């Protein structure tokens, strides 16, 4: 019986090794194709981050602004996306990075495995070791990734970038602002699962925020942390210690990297209920208004230039 189990285990491990090796070769080949990661030549400012920037900032070719944010994207994953973008797009001069009061919280670590299929081919050995994945779950995710890649690659090769390089402005038409929906968002962002105790900051996310800044410094790229508009039902109920920690982190980066790191805080810049999708996201109407506000501010600070 023990011999039989050993044979089964050996067969399973061999199969897993074969599948992972096959995918490594396939996706390594894809990564070597720069066309999949190339953005328009005139786009010198990229917007990265999670759903806050994804839903609030529209692309603008006249200002060279390209939004590649994606819902649920952590600082950890943004680092690997940005690293590849910089390798392929030498014209990038500025990075606008979503940085809110919850960005470094530990719930982001828990989300990593759910986004495995979208990013695993971008990760290096250091990044892969942070994924807490069983072989079975890895294979299931690879199957899903394969089906998506086949769909995009076969139907329209030019659109494959939107799978390999997930992100872009997302239009939100519905307005559903209420105390209840904002509270649900607050629980997920700041509280542990018991909804009583507060989350700690993630050591991993803090480390990769530092790596993003160092990556920008190495490539002479300016980085702007941006806090997008929040509805009063959300912003007024953020636990106070997160506010103080956030501004302390921002001040620390600006002090350590003068001229490289800047910060734009738009938390209270929009107050109309009809401009919000929920407590911490703008809807499509709000995004039009906010994009204009942002553009004006970026021009004033000479972060971007009007062509």
Practice task
Scan region 16-38 and give yes if some residue there is under 13 Å from the mean Cα position of the chain (by Cα), at pLDDT 70 or above and buried (at least 16 other Cβ atoms within 10 Å of the Cβ), otherwise no.
Solution key: no
Exercise for the section: Could you tell me whether any residue of region 105-123 is modelled with pLDDT of 90 or more and not in a helix (DSSP H, G or I)? Expected result: yes
Fill in the blank from the handout: Within region 39-65, of all residues that are in contact with a helix residue (DSSP H, G or I) (Cβ under 7 Å, 6 or more places away or on another chain) and in a helix (DSSP H, G or I), the one surrounded by the most Cβ atoms within 10 Å (Cβ to Cβ) is 56
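Which one of these is at pLDDT 95 or above and under 23 Å from residue 43 (Cβ atoms): 260, 243, 301?
260
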Handout entry: region 282-302 residues that are closer than 14 Å to residue 64 by Cα, paired with ones that are exposed (fewer than 12 other Cβ atoms within 10 Å of the Cβ) (beta carbon under 8 Å, 6 or more apart)
Key = 299/306
Problem - Qualifying positions in region 237-257 - without any contact (Cβ under 8 Å) to a residue 60 or more places away in the chain and either in contact with a helix residue (DSSP H, G or I) (Cβ under 9 Å, 6 or more places away or on another chain) or part of a strand (DSSP E or B) (or both) - result: 237, 239, 253, 256, 257
Fill in the blank from the handout: Per the filter on region 200-222, residues part of a strand (DSSP E or B) and more than 14 Å from residue 99 (Cα to Cα) are 222
Problem - Failed item in (1) modelled with pLDDT under 95; (2) within 18 Å of residue 34 (Cβ to Cβ), with residue 92 passing the rest - result: (1)
Handout entry: When residues of region 258-284 are limited to those that are touching a strand residue (DSSP E or B) at 6+ places or on another chain (Cβ under 9 Å) and part of a helix (DSSP H, G or I), the one surrounded by the fewest Cβ atoms within 10 Å (Cβ to Cβ)
Key = 284
Completion exercise
Within region 185-219, of all residues that are under 30 Å from residue 284 (Cα atoms) and in contact with a strand residue (DSSP E or B) (Cβ under 9 Å, 6 or more places away or on another chain), the one surrounded by the fewest Cβ atoms within 10 Å (Cβ to Cβ) is 191
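The values are calculated or read from the model by the stated rules, or taken from the named source; none is laboratory data. Fair warning: this is a prediction, and the values are worked out from it, not measured in the lab. Counting neighbours? That spans all protein chains shown, and the Cβs are built from the backbone with ideal geometry, glycine included.
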